[in-house]
Amino acid sequence: MKTLIQLLMTCEALLRSVGEVFWADKIQAVLKRGGNHLEFYLLEEILSWYGGMGSFTDLMISEYNDHLVEGKNEEKLNDDLNRLRNEIYQEAVRLKRN
């Protein structure tokens with residue numbers, strides 16, 4: 001399983017590739033503060049991204065959201081994003097428990 005830092009870096013790159021600056025910047029800020037490891041408070045911040053209106057879970061890559069993507073690629077990119085979001089969440093929960 002990939003580490004949380006690797007997952008966050010991969011997700012940030014995906015988001016930047018489609019012009020999603022808001023969430024890419026949030027991920028980048030956590031990575032900068034965390035360095036090579038993520039402290040408990042950063043895990044809490046990551047977990048706070050999930051749930052509620054306007055959360056990370058609500059993000060959808062789409063031309064309608066002014067993302068830089070051709071319509072035919074939207075489904076695959078959203079599948080990749082959903083997989084990464086789920087893995088990030090699961091890994092953050094696992095690390096928080098330990």
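Since every read-out is calculated from the coordinates, none of them should be taken as a lab result. Keep in mind the model is a prediction, meaning the values are calculated, not measured. Please note: Cβ atoms are built from the backbone with ideal geometry, for glycine as well, and neighbour counts cover all protein chains shown.
For this structure, a couple of remarks:
- Cβ-Cβ FRET estimate between GLN90 and SER62, R0 fixed at 25 Å, reported to 0.05: 0.50
- Working note: Karplus 6.51/-1.76/1.60 with θ = phi - 60° gives the stretch 87-98 the couplings 5, 4, 4, 4, 5, 5, 5, 4, 5, 5, 5, 7 Hz, where Gly and Pro are set to x.
- Full-stretch length increase - THR3, ARG83 - with 0.36 nm per residue and alpha-carbon distance subtracted: 27.4 nm
- Based on DSSP H segments of at least four residues, each scored -39500 (n - 2.57), the chain has a per-residue ellipticity at 222 nm of -20500 deg cm²/dmol.
- The ASN98 and TYR50 beta-carbon pair, evaluated with R₀ = 22 Å, returns a calculated FRET efficiency of approximately 0.70.
- Share of alpha-carbon pairs per 5 Å distance bin for the chain, given as whole %: 2, 13, 25, 26, 18, 9, 5, 1, 0
- Counting only residues at least eight positions apart within a chain, or on another chain, the aspartates and glutamates with an alpha carbon under 17 Å from that of LYS32 are GLU12, GLU44, GLU45.
- Top positive-direction residue, dipole computed over the chain with Cβ charges, set ASN65, ASN78, LEU31: LEU31
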